[in-house]
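Structure first, commentary second.
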Amino acid sequence: MTESGLPTSEHLEHLDTATIADLIENLLPAPEAHRAREHVKACPECQQTYDALVKLSEDLAEEGRADIPMPTDVAEHLDADRAGYLSSARIAA
């Protein structure tokens, strides 16, 4: 535990990129958003992802989407999330 009472990062499961993006865009329900914010505060890796997504959003807003390529790791993660969603949607149908 940290001094603030939050668990240390080695005791946390990381948030996925989609959850962090939803947190930034205020799309999470209040209880989930609170837990996600607390997690990001306690987890250096998730804080790094959060900061990178905020920076990307700022860059896109400033320059326009066509001028800034999406980072490869973000694109790969989004592709994997989409593939998993599509697979589960086919199974449910």
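The values are calculated or read from the model by the stated rules, or taken from the named source; none is laboratory data. Because the structure is a prediction, the values reported are computed rather than measured. Ideal geometry is used to build each Cβ from the backbone, glycine not excepted, and the neighbour counts take in all protein chains shown. In case anyone asks, the SASA skips ligands and DNA or RNA and just uses the protein heavy atoms, side chains included. Shrake-Rupley method; radii C 1.70, N 1.55, O 1.52, S 1.80 Å.
By per-residue mean of other Cβ atoms within 10 Å, what is the highest-first order of 28-41, 71-84?
On the way: 28-41: 14.3, 71-84: 11.9.
Averaged packing, sorted descending, gives the order 28-41, 71-84.
Provide the per-residue ³J(HN,Hα) series for the range 49-55, in order, calculated from phi with Karplus coefficients 6.51, -1.76, 1.60 and θ = phi - 60°, each as a whole number of Hz, with x at glycine and proline positions.
3J(HN,Hα) across the range 49-55, in whole Hz: 4, 4, 4, 5, 5, 5, 4.
Taking the full set of protein chains and a 1.4 angstrom probe, give the accessible area of residue 60 in square angstrom, rounded to the nearest 10.
Accessible surface of residue 60 is approximately 50 Å².
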